Amino acid sequence: MKNGRSAMFGALLMLASFFGATPASAQFWQCAPFARMVSGIEIYGNAGTWWGQAAGRYDRGQTPQVGSVMVMKPHAKMRVGHVAMVSGIVSDREIKVTHANWSRRGGVERDVRVVDVSDAGDWSRVKVWYASMGDVGQTTYPTFGFVYAKSPASQFASLKGGANPRAALR
C-alpha cells in the first residue's frame, strides 16, 4: 500500500509539472523576446545574432537613440550576448536601458544605467548597472552597437511607471 501511495504521489507530481505549478502572473523573460516586444524590432534568435540579422533590415550604428536596441557581443560567461532597449539618454556617455534577464534571473529591469567606457567614446565597450551592487558592475562588455527601430517605440510608453510588460501587447 505504501508503494502504491508513493507511485500515485509521483504520478501526480509529474502531471502537475506538465501543467506548470507557477501562478499565471509569473513571467520568466529572456532578453531577446523582451527586447523584441518593447522595441518592435522583429529579430528572433539569440541576442548575439541580432547585429548580423539586422543588416539590410534595420539601420544600425554606434549612437544610442531612445527605442533602439543595444546589442552586446557574446563575452566570457555571457555566451549568447545580450540585448537591451534604450529607454533614455543621460549624456553622450551614459544611457538608461530597459531589459530582461540581467541581474535578476528572468526579471525585467527598467531605466537602469549603462556607461560607455570605450576609449573612443563609440559605445564599443560598456558597463551595465547590476542590482546586487546598486551601481554599474566591474565587468566591461563589448558591444556591436545599436539597432534602430523603424518607428518610435511608442509601445515603450506603456511600460513607464512600472506597468506589466505584457501591457505593451494590448
> Taking N as the number of residues in segment 21-149, what is its alpha-carbon radius of gyration divided by 2.2 N^0.38 Å?
Replying inline: 0.99
> In what order, largest first, do ASP135, ASP119 sit by accessible area if the probe radius is 1.4 Å?
Replying inline: ASP119, ASP135
> Around THR140, what is the net charge, scoring Lys/Arg as +1 and Asp/Glu as -1 over all other residues with Cβ under 10 Å from its Cβ?
Replying inline: +2
> Among THR98, THR49, what's the order by accessible area (1.4 angstrom probe), most exposed first?
Replying inline: THR49, THR98
>> Test of understanding: what is the full-extension gain from TYR44 to ASP119, defined as 0.36 nm times their sequence separation minus their Cα-Cα distance?
In response: 23.9 nm
> Once you list every other residue whose beta carbon is under 12 Å from the beta carbon of ARG113, what net charge do they have if Lys and Arg are +1 and Asp and Glu are -1?
Replying inline: -1
> How long is the gain from ASP135 to LYS77 if the chain were fully straight, where each residue apart is worth 0.36 nm and the alpha carbon distance is subtracted?
Replying inline: 18.9 nm
> Could you give the accessible area per residue of segment 66-130, probe 1.4 Å, as a whole number in Å²?
Replying inline: 45 Å²
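The values are calculated or read from the model by the stated rules, or taken from the named source; none is laboratory data. Just so we're clear, the structure is a prediction, and the values are computed from it rather than from any experiment. Every residue, glycine among them, receives a Cβ derived from its backbone with ideal geometry; neighbour counts consider all protein chains shown. Side chains are part of the model used for accessible areas, which takes the heavy atoms of the whole protein and leaves out ligands, DNA and RNA. Shrake-Rupley method; radii C 1.70, N 1.55, O 1.52, S 1.80 Å.
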